[in-house]
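Structure, as structure tokens:
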Amino acid sequence: MTRRAIRLPSLCSMLVGLLCCTTTGAAAADTLNLDRVFGEVKGWKIGFSEALGGCAAAATFLDETTVWVGFGGHEGSAYVAFSNPGWKSIQPNGKYELDIRTGRAIWRGMFSGFERENEKGIFASDLKSAFVEELVSSFGLRVYLNRTLLLEPSLHGSRDAVTAVSDCQRRFIEASIGINPAERVKKNHNVKSSGTGFFASSDGHIITNHHVIDRCSKVTVVGHDRTTASDASVVAKDNANDLALLRTANLPTAVPALRFQPKLGENVSVFGYPLSGLLSSSGNFTPGAITATAGLRDDSRMLQTSAPVQPGNSGGPLIDKYGNVVGVIVAKLDAINIASSAIRDIPQNVNFAIKANIVANFMTSNGVWPNDRAKSRELPPETVAEFAGTFTVQVFCH
């Protein structure tokens, strides 16, 4: 598997996606174990694996199969392993092609065999984020080896378990490096301001507002996991539509689809990094709705939303209930100026976003093709928030 995000089919499609193509860390799986257990979440033990150098979750089912999901080291690459004392034919370091079926999606890839204590297992690392997302969203999965059903475990509670593992891994990384990159950027560089952006291509392109990066001598972005900070180059700017296209060497784990023509009244949400240094550095998620399909004075380029935004949200994604981006946050109505005007009233939650079709036109005119494969399966708000965190970044202007 590769951590580089590719243009994947909808998770609800019947198409076959590649699961993996490398098995980095297979040797470490021979001693896979939860050396320190921190707790239990819905039947999944949460702990730290010394062999893989990161946090993991493990659950053992009635047929004695143990499912392992975890992260390895500071890079945080995800892995999945299955082990069972009855799998006598599995050979350590052997290569096994598996089909993993989660709902209507089929994932195919190579696993490496390993042996630990009195059982044998199969292991794969450097998982694509789309696979992990689908895995923990499933109530169960079926794993086929050479078209023969190998196991069919229930995955009840896996989403909560992976969330707990992610929190564990974040704490482990922060303890290891002492301070997160966002704080290091602010302390070690002359930061003028900050905003938000989101990955718009698997090649590291990022969309944000023009006003976020205007007059910056240098632009730095920090990823959602707060473990990496990288310089970004400005590829293109559109002052008229307040858009900017950046590019960074760090490649995304997920790229959201752009969806056009959202409907009046539909639920949306905003993810971003407002009021840097005051609010949570891990990102803020605020829900709302589409309250108008045009902006001030019927500006057809804009959407109006009731999702609350603050300084620092500029350039961030406006997301629908399926996880698609329908707009880019650009402004909020100036409540103080409005209140002091002849209207003499304070507007509440009147905020604006640039429509996704304007963003798509901007990207294609600069040779970057957006992901236009919009999803149509409704997701719980907490899933939308988790997914948004994977592709949203904080943008620092120096």
Report summary line: For residue 322, the lone unmet condition from (1) modelled with pLDDT of 95 or more; (2) in contact with a Gly (Cβ under 6 Å, 6 or more places away or on another chain); (3) of a type in the set (Ser, Thr, Tyr) is (2)
Report task. Sort through 66, 102, 60 and tell me the only one that's more than 30 Å from residue 229 (Cα to Cα), of a type in the set (S, T, N, Q), surrounded by fewer than 22 Cβ atoms within 10 Å (Cβ to Cβ) and at pLDDT below 85. Result -> 102
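Please verify whether residue 293 is of a type in the set (Val, Ile, Thr), surrounded by fewer than 19 Cβ atoms within 10 Å (Cβ to Cβ), without any contact (Cβ under 8 Å) to a residue 60 or more places away in the chain and under 18 Å from residue 330 (Cα atoms), treating the condition exactly as stated.
yes
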Query - Hey, residue 365 at pLDDT below 85 and more than 24 Å from the chain's Cα centre (by Cα) or not - result: no
Report summary line: In region 245-280, anything surrounded by 16 or more Cβ atoms within 10 Å (Cβ to Cβ) and among the polar types (S, T, N, Q) is listed as 248, 250, 253, 267, 269, 276
Report summary line: Across (1) touching a Ser or Thr at 6+ places or on another chain (Cβ under 6 Å); (2) within 16 Å of residue 58 (Cβ to Cβ); (3) at pLDDT below 75, residue 123 clears everything bar (3)
Requested in this report: Examine region 331-345 for a residue that is modelled with pLDDT of 60 or more and buried (at least 24 other Cβ atoms within 10 Å of the Cβ), and state whether such a residue exists.
Outcome: no
Report summary line: Over region 345-388, the set of residues part of a loop (DSSP other than H, G, I, E, B) and small (Gly, Ala, Ser) is 367, 374, 376
Report task. Kindly indicate whether any position in region 205-215 is buried (at least 18 other Cβ atoms within 10 Å of the Cβ), closer than 30 Å to residue 330 by Cβ, touching a helix residue (DSSP H, G or I) at 6+ places or on another chain (Cβ under 7 Å) and at pLDDT 80 or above. Result -> yes
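The values are calculated or read from the model by the stated rules, or taken from the named source; none is laboratory data. None of these values were measured; they are calculated from a predicted model. All Cβ positions, glycine included, derive from the backbone under ideal geometry; neighbour counts span all protein chains shown.
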